[in-house]
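Okay, structure first, notes after.
The values are calculated or read from the model by the stated rules, or taken from the named source; none is laboratory data. Since the structure is predicted, the reported quantities are computational estimates derived from the model, not experimental observations. Every residue, glycine among them, receives a Cβ derived from its backbone with ideal geometry; neighbour counts consider all protein chains shown.
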Amino acid sequence: MVEIPEELLRRSAEARASATGRPLDEVLAEMRGDVGETITDLPVEVAPADGEPEHPTILPDDLLQREAAARAKALGVAEADVIAELKGEKELVIAVAEPKKPPSKKTPKVKKVEKAPAVETAPEPAPPVEVVAPAAAAGELDWAAAASAAGMTEKLLRRSVEAKAKAKGVDPAVVLAEMTGSPPPAAPTAPAGAAPAAPAATATIPKDVRPQRLLTVVKAKAIQQVKTTPTDKVSTWPHLLLIEFVALLAITALLIVMSVVIQAPLLEAANANVTPNPSKAPWYFLGLQELLTYFDPQIAGVTVPTIIGLLGFMAIPYIDRNPSNKPADRKFAIFMYTFFIMGAATLTIIGTLFRGRGFNFTYPWTDGIFFDDLKDWINFE
């Protein structure tokens, strides 16, 4: 026995239960083979005896309605007659119309028409050739007056008239008269005995229609675009280089003045047996020497300069990634640079002015300045 999928079996049982009016579980059990042929609950159909009329099959109302509608549509009869026939109340009589005979298709006889003999005719004479006298040459026209009347340049008007005259096959004077609105030029008289010249083709324009030109003069745009919105970009020259040159002159003048005012003589040669008191490093190392008075040499000489001086400065562009060039948008970067510079400047000033003998803290206005470069220049005693 072929196994049927559960989904297909259930759909078939639902259709059969709906058609016969039986419970779904009963039909499903019957289809699965769970119910045998000895079920007493199922109605038993008894075949009619000889001579007895056969009882019609009793169908549910919904199935009967659907069957009657299908048969009535197929047979072209009333649905009530089909329902009565299915219930056995009366027989359905269908009138069959005789098919109409198709009209006979007889091929009509074609009468043969004898061809008339060809009659030789004399050829028609060729039409006379019209001789058109040449009009005024394009160079003889008053282009300056026509250009001022048309509101165009003389060169542009000449090119337009010649192109239109070539396209229409007419004289340029006619086209020029059309464009300027002046009357067309009179055709020259033909010599005696010659055929009359055909009138030149003119295009009539209604009075209420304004003629349109196909060509016009367009002003060229500027090469450099003008932007109305302000930007934060300036040119290198003269804006940037001018400011840098002025700053260079100011620094040079300041160094010249300081070299004249401040005395910086060369001292005697160093003596290993005589140690100066206090022994100070150059001014650019006095910040580190000041740190040695507070921390261990490993911290003051190696750790602080490496971490804060080198790595700290290099990390600032990676921490503050704002692309703006405005100081108001770079507050963090300005704060970090200011912190480093003010720290180094403070340590240098303390080591220069406030350290006396034995590198002890002192006041310059009390004990003086103990620094070789400044002792001859500033003296508070």
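Structure above, values below:
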quantity: Evaluation of Asp41 against (1) at pLDDT 50 or above; (2) in contact with a helix residue (DSSP H, G or I) (Cβ under 9 Å, 6 or more places away or on another chain); (3) surrounded by fewer than 11 Cβ atoms within 10 Å (Cβ to Cβ) (one fails), failing number; calculated: (1)
quantity: Condition met for Glu3 (in a loop (DSSP other than H, G, I, E, B), surrounded by fewer than 14 Cβ atoms within 10 Å (Cβ to Cβ) and modelled with pLDDT of 55 or more); calculated: yes
quantity: Matching entry among Phe332, Phe371 (being touching a helix residue (DSSP H, G or I) at 6+ places or on another chain (Cβ under 8 Å) and at pLDDT below 85); calculated: Phe371
quantity: Members of segment 152-171 found to be among the β-branched types (Val, Ile, Thr) and surrounded by 15 or more Cβ atoms within 10 Å (Cβ to Cβ), listed by number; calculated: Val161, Val170
quantity: Of all residues making up segment 1-32, the number that are within 24 Å of Glu67 (Cβ to Cβ), under 60 Å from the mean Cα position of the chain (by Cα) and among the basic types (Lys, Arg); calculated: 1
quantity: Listing of helices (runs of 4 or more DSSP H) fully contained in segment 271-379 that carry 3 or more residues being free of Cβ contacts under 8 Å to residues at least 12 places away in the same chain and closer than 30 Å to Val234 by Cβ; calculated: 312-319, 331-353
quantity: One residue from Ala281, Ala300, Ala269, Ala315 being in contact with a helix residue (DSSP H, G or I) (Cβ under 7 Å, 6 or more places away or on another chain) and either over 20 Å from Arg357 (Cβ atoms) or surrounded by 14 or more Cβ atoms within 10 Å (Cβ to Cβ) (or both); calculated: Ala300
quantity: Condition check for Val261: surrounded by fewer than 11 Cβ atoms within 10 Å (Cβ to Cβ), outside the structural domain of Thr348 (by TED's automatic domain parsing), β-branched (Val, Ile, Thr) and in contact (Cβ under 8 Å) with a residue 40 or more places away in the chain; calculated: yes
quantity: Selected residue [of a type in the set (Val, Ile, Thr), assigned to a loop (DSSP other than H, G, I, E, B) and at pLDDT 70 or above] from Val77, Val82; calculated: Val77
quantity: Residues of segment 229-274 satisfying the condition of being at pLDDT 85 or above and among the hydroxyl-bearing types (Ser, Thr, Tyr); calculated: Thr236, Thr252, Ser259
